[in-house]
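The values are calculated or read from the model by the stated rules, or taken from the named source; none is laboratory data. No experiment lies behind these values; they were computed from the predicted model shown. Reconstructed Cβ throughout: ideal geometry from the backbone, glycine too, with neighbour counts over all protein chains shown. Accessible surface is based on the protein model in full, side chains and every heavy atom, while ligands, DNA and RNA are left aside. Shrake-Rupley method; radii C 1.70, N 1.55, O 1.52, S 1.80 Å.
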Amino acid sequence: MPSRIGVYVCHCGTNIAGRVDSEGVARHASGLKNVAVARDYKFMCSDPGQDMIIKDIREMGLTRVVVASCSPRLHEKTFQKACQRGGLNPFLFQMTCIREHCSWVVADPAEATAKAKTLVAAAVSRVNEHEELYSRVEAVHPDVLVVGGGIAGIQAALDIARSGHKVHMVERGPSIGGHMTQFDKTFPTLDCAACISTPKMVAVAQEPNINLMTMSEVVEVKGYVGNYTARIRTKPRYINQDRCTGCGLCMEKCPKSVPSEFEEGLGKRKAVHRNSPQSVPNTPVIDPASCIYLVKGKCGACKQNCPSDAIDFEQQESFLDVQVGTIVLATGFDILDPTPLSQYGFGRYPEVYTGLQFERLNNAVGPTGGKIRMKNGEAPESVAIIHCVGSRDKNQHEYCSRVCCMYALKYDHLIKDKVGHHARVYNFYIDMRCFGKGYEEFYRRVQEEGVTFIRGRPAEVTDQARSEDEQGKLVVVAEDTLLGRPVRVAVDMVVLCTAMQARKDASEVARVFGVSCGQDGFFLEEHPKLGPVSTATDGIFLAGTCQGPKDIPDAVAHASGGAGQALSLAARGEVSISPTVSWINPDICIGCKMCVGLCAYSAIEFDERRRVCVINEAMCKGCGSCAGHCPSGAAQIRHFNEKQVFAELEGLTQRIVPVRQPAAADLT
Amino acid sequence: MQELIVTPEAQGEPMPGAAFEPAIVAFVCNWCTYTAADLAGTSRMVQSPNVRLVRMMCTGMVDPKYIIKALLGGADAVLISGCHPGDCHYINGNYKARRRVKLLMEILPRFGIDSRRIKLTWVGASEGNEFAATVNSFAAEIKELGPIDTRRLPLL
Ligand SMILES: Cc1cc2nc3c(=O)[nH]c(=O)nc-3n(C[C@H](O)[C@H](O)[C@H](O)COP(=O)(O)OP(=O)(O)OC[C@H]3O[C@@H](n4cnc5c(N)ncnc54)[C@H](O)[C@@H]3O)c2cc1C
Ligand code: SF4
Ligand code: SF4
Ligand code: FES
């Protein structure tokens, strides 16, 4: 029986109809083979639009539906559901995109209309070959994996755990807390960072539903939404966490000191060390690269002095497989290393600091005990703060890092507060971006504290004095773009507001989880506006700055969003899995086993008895690698089989030609 | 007014002397290049109308038969585009595509099809500008190359 196809061409307001003659496309479609009805409508995705389809299915006995509108990545599901409501199997539907791929990109209306006609013809031709398919329903494992234990990961883990679901939390470092634990105060409220982050970190440690794994990384992920298996590698800490009481005697007795990463190189740490007394867990960690015992086999001062006998040099790397239904990625950000931007003199002049270093200078447990001091121990009389270092810069990062203006204002205030009102503070900015709640107010407040703002990106920081006043100082050379004249400002200290950027291993981590990175290097969300926490991979969500620069409130809100999405899957307990997987026709398969080696998911097995290959549908992801290669044509992807693709091609390869208008009489 | 119609269904005669408008079929993967095409659209990047997409789940799904079918069925050229090496949503489908396309490019010239009519590119999900540039440059190359003449191919 020939199919009865309904074709629906959308105007999308004027988004499509402004360039494509939607009515003409529908008229053209009505003349195509097997088309029972073709209509155009203002907004197909609206309720009346969908109702039109449902009504036609019921009243006209349509057996196939084609919608020509926006990208199927937006509304394919909407229309599939409409078909289903009308009583039609959702796979007897085909959508073609005449907006993103046509009306928005083809300049000439006649050409755009012709292209839309071709696309509709291809969809109509293809839909003839569609078959009924049924989604599989699979259970969702109730546990969730959270990767990264910064403030975002902490928020996500707590939200999920408090709903009663179990969370496996994997943190690469020795403690959770992330960058926030390096700060002293946070803008715009000037809350003490530790006072607001410590209770959350402790809550993680005390939450019975959270299995916290530090010194750990996920090395492999297998499975699919609802049923992921993650392999976690835990590096040795060389201290037994169950025995250690966190007294810190080992750190006192350890004879070996090296520069501290946590102090951003400004202070030292021992070979056995801990970021801060508030670390969670508060067990120190022995760094195998600097520990004398682990390198040379002698010393053991910590072991002799540990009152709990917790030091264990025999600890080995270990692996653990966990089963989870969903995954939240919260791996955070790195800051840009300003050394290559040699004009700012970082690494050359001792008094040029990064933002994170300046945070440590302010931190009560930092290298200066929270006093803003130069390397010579004196307080700076004048400080220049350079905004947008590596941000909004075509040669580094085009984007705005979203936090630098605000933490610069925080530093302005802290300098005035700690060094004294006489201290002179100069901000070199491009634009002030104070968009958050309470941010503009904070800006105003800092302005009133007597801070100087100079609009212009400095050309260089130099120690070459040109006058008496500049002797022994750092000179910031810039153009004040508001006054249109060059300025030279001599200061004691320079702080660089370096860009937030993607973790340097972001692309490798993305690969482990099967997500992508955007052009800026951060993990790519499913949709920039409507899907900022989900990814293209079902069951994997993003939280915090791994998706792009954010301040703490935004990172926390984003994380709660990711947790909510993971929870909605976990709470529902089941997920429907697309039936568009591969199938091997046993009557055609010649048993060459070509496909077995091609399948990246080991979903194909050879049936010795029947001497043909068989697909395990639960493991097949529908990538089509087998079908693309099968020499006999036995392996076919459902919904993307040979007949369907051939039919689509037949529609597509029609040639577009300008023709002479037929005489009016011919049209009737 | 002059209207553009699609043949063969359309009646009427091609205007003599009308410029050659190639038909180019692009097999693109859903996860990267199709997404990039959406982004190019959302960003209103003007593109040649000659390229029409076939949405595949992965380039690893593109059976060489499909490419040959497109060329014999009237396409003047075929573009295959997916995720960058290492970024394939299905681990390594794009490597398989790369191997198949390479072989095809060696074989097709023996049957009289210029290998320049096939192009394989990697365009990531965020590279809308890259997508538009690829479409426009490929369309220009094929316009230069002229129409495919399948009737003269020894294959048939
Ligand atoms: C100098 C500076 C000052 C700032 N001041 C403020 C302020 O005053 N107020 C404010 O609101 N915001 C401020 N911010 C922004 C703030 O730092 C971020 O919003 C916040 O830290 C983001 O938290 P996060 O959890 O997303 O990332 P992170 O803090 O980076 O945490 C990520 C965590 O994941 C772990 N991790 C990374 N990769 C892996 C992996 N592969 N496997 C396992 N674990 C991994 C890391 O070890 C880390 O613990 C400032 C930023 C900078 C640079
Ligand atoms: S063994 Fe020695 S060097 Fe190593 S951590 Fe213990 S005290 Fe420090
Ligand atoms: S489509 Fe084929 S190759 Fe791909 S996962 Fe399924 S069985 Fe394996
Ligand atoms: S999914 Fe894009 S090439 Fe495989």
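What the table shows:
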{"item": "Å² of accessible area per residue within the protein assembly as shown, as computed with a 1.4 Å probe and no ligands counted", "result": "43"}
{"item": "Among the listed pairs A:Lys371/A:Lys410; A:Lys418/A:Lys550; A:Lys410/A:Lys550; A:Lys253/A:Lys371; A:Lys410/A:Lys437; A:Lys504/A:Lys550, those beyond 19 Å (Cα-Cα)", "result": "A:Lys418/A:Lys550; A:Lys253/A:Lys371"}
{"item": "Cleavage-rule hits (GluC sites (Glu not before Pro)) in segment A:1-79: DSSP loop, at most 15 neighbouring Cβ within 10 angstrom", "result": "none"}
{"item": "Residue-by-residue Karplus 3J(HN,Hα) for segment A:342-354, coefficients 6.51, -1.76, 1.60, Hz, glycine and proline x", "result": "5, 4, 8, x, 5, x, 9, 9, x, 8, 9, 10, 8"}
{"item": "Sites A:Phe43 and B:Asn129 - FRET efficiency at Förster radius 30 Å, r taken between beta-carbons, to 0.05", "result": "0.55"}
{"item": "Computed label-point distance, nm, for sites A:Asp393 and A:Thr481 using a 7 Å Cα→Cβ extension", "result": "1.4"}
{"item": "Threshold 50 Å² - residues in segment A:613-654 whose accessible area is reduced by that much or more when the chain is no longer isolated, probe 1.4 Å", "result": "A:Cys623, A:Ser625, A:Gly628, A:Phe640, A:Val645, A:Phe646, A:Leu649, A:Leu652, A:Thr653, A:Gln654"}
{"item": "Within 10 Å of each Cβ in A:114-120, the average number of Cβ atoms from other chains", "result": "4"}
{"item": "For segment A:242-312 and segment A:156-181, distance of Cα centres in Å", "result": "24"}
{"item": "Whole-percent carbon and sulfur share, accessible surface of chain A, 1.4 Å", "result": "49"}
{"item": "FRET E, pair A:Ile196, A:Gln471, Förster distance 41 Å, beta-carbon r, rounded to 0.05", "result": "0.40"}
{"item": "Interface size A-B, as summed buried accessible area [1.4 Å probe, Å², nearest 100]", "result": "5900"}
{"item": "Label point 7 Å beyond Cα of A:Gln241 along Cβ direction - residues of segment A:256-276 with amide nitrogen under 19 Å", "result": "A:272-276"}
{"item": "Set of lysines with alpha-carbon distance to A:Lys593 below 18 Å, sequence-local pairs under 8 removed", "result": "B:Lys96"}
{"item": "Probe 1.4 Å - accessible area at A:Phe453, Å² to nearest ten", "result": "50"}
{"item": "Local electrostatic count, A:Ser22, Cβ distance below 14 Å [Lys/Arg +1, Asp/Glu -1]", "result": "+4"}
{"item": "Residue-by-residue Karplus 3J(HN,Hα) for segment A:237-251, coefficients 6.51, -1.76, 1.60, Hz, glycine and proline x", "result": "9, 6, 9, 6, 5, 6, 8, 4, 9, x, 5, x, 4, 4, 5"}
{"item": "Per-residue SASA entry for A:Asp51, accessible area with 1.4 Å probe, Å² rounded to 10", "result": "80"}
{"item": "Accessible area, probe 1.4 Å, largest first, for residues A:Leu530, A:Leu598, A:Leu329", "result": "A:Leu530, A:Leu598, A:Leu329"}
{"item": "Percent antiparallel among DSSP beta bridges (both partners in the protein assembly as shown, rounded to 5)", "result": "45"}
{"item": "Karplus (6.51, -1.76, 1.60) ³J(HN,Hα), θ = phi - 60°, over segment A:538-545, in Hz, Gly and Pro reported as x", "result": "4, x, 10, 10, 10, 9, x, 6"}
{"item": "Per-residue SASA entry for B:Glu130, accessible area with 1.4 Å probe, Å² rounded to 10", "result": "90"}
{"item": "DSSP-assigned coil residues among GluC sites (Glu not before Pro) in segment A:92-158, each with at most 13 further Cβ atoms within 10 Å", "result": "A:Glu131, A:Glu132"}
{"item": "Heavy-atom accessible surface of segment B:21-148: percent carbon and sulfur, 1.4 Å", "result": "56"}
{"item": "Sequence of A:Asp337, A:Asp143, A:Asp191, B:Asp76 from largest to smallest accessible area, 1.4 Å probe", "result": "A:Asp337, A:Asp191, A:Asp143, B:Asp76"}
{"item": "Most to least accessible of A:His413, A:His421 (protein chains only, probe 1.4 Å)", "result": "A:His421, A:His413"}
